[in-house]
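Okay, so here's the structure we're looking at.
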Amino acid sequence: MTKARLLRLSVVLVSIFMILLIIVYWDNVGTAHFYLHTSFSRPHSPGAIPGITAGEDWEALPDVDEFLAKLLSSSLKRNSSVPRKTEQLLVQGSSKPVVSNLEENVRGYDWSTHNDRYSLDQEKMQIERQRTLREFCANSSFTFPTKERSFDDIPNYELNHLIVDDRHGIIYCYVPKVACTNWKRVMIVLSESLMDQGVPYRNPLDIPREHVHNTSTHLTFNKFWRRYGKFSRHLMKIKLKKYTKFLFVRDPFVRLISAFRSKFELENEEFYRRFAIPMLKLYSNHTNLPTSVSEAFGAGLKVSFSDFIQYLLDPRTEKMAPFNEHWRQVYRLCHPCQIDYDFIGKLETLDEDAAYLLQLLKVDRLLRFPPSYRNRTASSWEDNWFAKIPLAWRQQLYKLYEADFVLFGYPKPENLLKD
């Protein structure tokens, strides 16, 4: 009887071990480059697991996390001699792309050089940005929805903005209207997640926009459950400890203006049907609206910025569905109080931040960040855009996006919030 029990126990243990091995090797890119070769890597002793500091952090890991981390670390040693073909290639300077997308065609790219710009002290800037974020996350008197929950409390569907590049050990949380199209292109090039006639893309601007925003192109945290089942959270935590995590943010009100311009001032069939028609009916008292955006624009029927602000402030809006990602708050997209980001970039300093980040990631010889748009929405536009918005609405809107202002160090727009 005892032998039979021991045999069954042995079979169970061996099965668990094999399942873990299968999980680890499921993605052929997931382990070969698990070790971070970036300036963000923390010092570690020869016997320690890279990226996990000894002592408190290590002891805090559950047994499964510890086992997976050691297993991944040992597999790394076996695969460390495998050369990475992409690191041996230098991406040649991009020529100006042929732009077919309406939004990119309207905006155009800024191909001018920026050599005359003053040099920013990037390291000090990063320290200050991260200090501000951590201070307000730790400040119990500053509250906002979801602030106090743990990473385990975040539903999987809310982790869909965290894009993982296992080849270089990078996690990027994308924020729509904050250069996310081009950062997604960069992640595609680095992760080699998309092929062109069997060859990975080398130039970010060669990647068509429709492929960039195809969710199947990217490995995101919300997909881990399908791949790893009940071990998905353990692997997420390990990658969050070991990988370099970054995001880019923008003045919240300017981001809203940019979202309005791109989704409602340009013909967009999806946004017209999903959002513009309800807004026009609710806030402009229109009935019998055209079914297509081209007909509506031809008849002069467009959502006004005032309609858009009313929609954001209407308590009925989020009872129907969460905010669309283009105007959802950054703290809801990227969970900055639950995830310890290594780099916080801003659109206002995009060129400098992007160059510095690629250098820190040691991928600056592989590619360059695509140039900025010429017609980017600027913060100086705020006064004009909000001029016809009632003061009470502006104040309510600030409260709605206050966490994004405060966490990322954007000054309160006093000129818009007072008579």
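Ignoring ligands, DNA and RNA, what percent of the accessible area of segment 197-279 is carbon or sulfur (1.4 Å)? Carbon and sulfur together cover 48 percent of it.
Here the extension length gained between THR287 and ASP206 equals 24.9 nm, from 0.36 nm per residue of separation less the Cα-Cα distance.
Pairs exceeding 32 Å between alpha-carbon atoms, taken from LYS281/LYS388; LYS124/LYS147; LYS124/LYS263: LYS124/LYS263. Can you give me the Cα centroid spacing of segment 292-368 and segment 161-232 in angstrom? Between the Cα centres of segment 292-368 and segment 161-232 lies a distance of 17 Å. Taken over segment 216-358, the percentage of Cα pairs per 5 Å bin, counting from 0 up to the bin with the maximum distance, is 2, 8, 14, 15, 15, 13, 12, 11, 7, 4, 1, 0. Each of SER380 and ASN415 was given a label point 7 Å from its Cα along the Cα-to-Cβ line. The distance between the two points is 1.1 nm.
Here the spin labels are modelled as points 7 Å beyond Cα on the Cα-Cβ line, and at PHE405 and LYS124 they lie 2.7 nm apart. Projected label points at ASN139 and ARG273, each 7 Å from Cα along the beta carbon direction, are separated by 4.5 nanometres.
Applying a DSSP loop filter and a limit of 13 other Cβ atoms within 10 Å to the GluC sites (Glu not before Pro) in segment 128-182 leaves GLU148. Per residue, the accessible area of segment 274-340 comes to 47 Å², computed with a 1.4 Å probe over protein heavy atoms only.
The values are calculated or read from the model by the stated rules, or taken from the named source; none is laboratory data. Since we're looking at a predicted model, the values are computed, not measured. For neighbour counting, all protein chains shown are included, and Cβ atoms are generated from backbone atoms with ideal geometry for every residue, glycine included. Just the protein is used for accessible areas: all its heavy atoms, side chains included, with ligands, DNA and RNA removed. Shrake-Rupley method; radii C 1.70, N 1.55, O 1.52, S 1.80 Å.
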